[in-house]
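The values are calculated or read from the model by the stated rules, or taken from the named source; none is laboratory data. Note that the structure is a prediction, hence the values are computed from the model and not measured. Note that we place each Cβ from the backbone using ideal geometry, even for glycine, and neighbour counts take in every protein chain shown. Accessible surface is based on the protein model in full, side chains and every heavy atom, while ligands, DNA and RNA are left aside. Shrake-Rupley method; radii C 1.70, N 1.55, O 1.52, S 1.80 Å.
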Amino acid sequence: MSFLKSFPPPGPAEGLLRQQPDTEAVLNGKGLGTGTLYIAESRLSWLDGSGLGFSLEYPTISLHALSRDRSDCLGEHLYVMVNAKFEEESKESVADEEEEDSDDDVEPITEFRFVPSDKSALEAMFTAMCECQALHPDPEDEDSDDYDGEEYDVEAHDGMEVDTTPTVAGQFEDADVDH
């Protein structure tokens, strides 16, 4: 695949949080092989045994999740959706792309699946991804930088009035409930 490149893996200087060897990478349903997944504060990278691989910048990652669906042929894995197109260019895909470009509002989507041989590592991989993704808030999301670990203040952001009077114990005991 043409997007695979040779580059050094991220190290401690780039905030490497997790290095997961023996991890299969799957791009849009096509296996890329087995290699090492690097989850660093600066980027998410995967390199095969020959040193070829790819890096994903966190702002392009729109979603990451754990798939626990054992009926999936891949089994449990880390799912990553990217707002970019990663494919080998061919005459057929260029023709398809021209048709798709007629709708300028549609962003290209690519799905990556990372399947570690050690399934017990999935939770740690997901946690590392969460920590790194939090360091790179979406610049187009106006509310993403407002969250500082406290409750979201609806009045401050939406102009709605909310009754913040605390409830009193037993306050609703005599309420009629119609089911």
Worksheet item: How much accessible area does F3 have with a 1.4 Å probe, in Å² rounded to the nearest 10?
Response: 30 Å²
Worksheet item: Which value, in Å² and to the nearest 10, is the accessible area of Y38 when all protein chains are kept and the probe is 1.4 Å?
Response: 20 Å²
Discussion item. For a quick check of understanding: with a 1.4 angstrom probe and all protein chains in place, what accessible area in square angstrom does E14 have, to the nearest ten?
Written reply: 60 Å²
Response to the item:
For K85, counting only lysines whose alpha-carbon sits under 18 Å away and dropping same-chain residues fewer than eight positions off, the answer is K5, K30
Worksheet item: Hey, what's the per residue convex hull volume over the C-alpha atoms of the range 34-90, in cubic angstrom?
Response: 123 Å³
Worksheet item: How much net charge surrounds S67 when only the other residues with a Cβ under 15 Å from the Cβ of S67 are counted, with Lys and Arg +1 and Asp and Glu -1?
Response: -2
Fill in: Sequence of C130, C73 from largest to smallest accessible area, 1.4 Å probe
C73, C130
Discussion item. Could you put M125, M81 in order of accessible surface area, largest first, with the 1.4 Å probe and the full protein assembly present?
Written reply: M81, M125
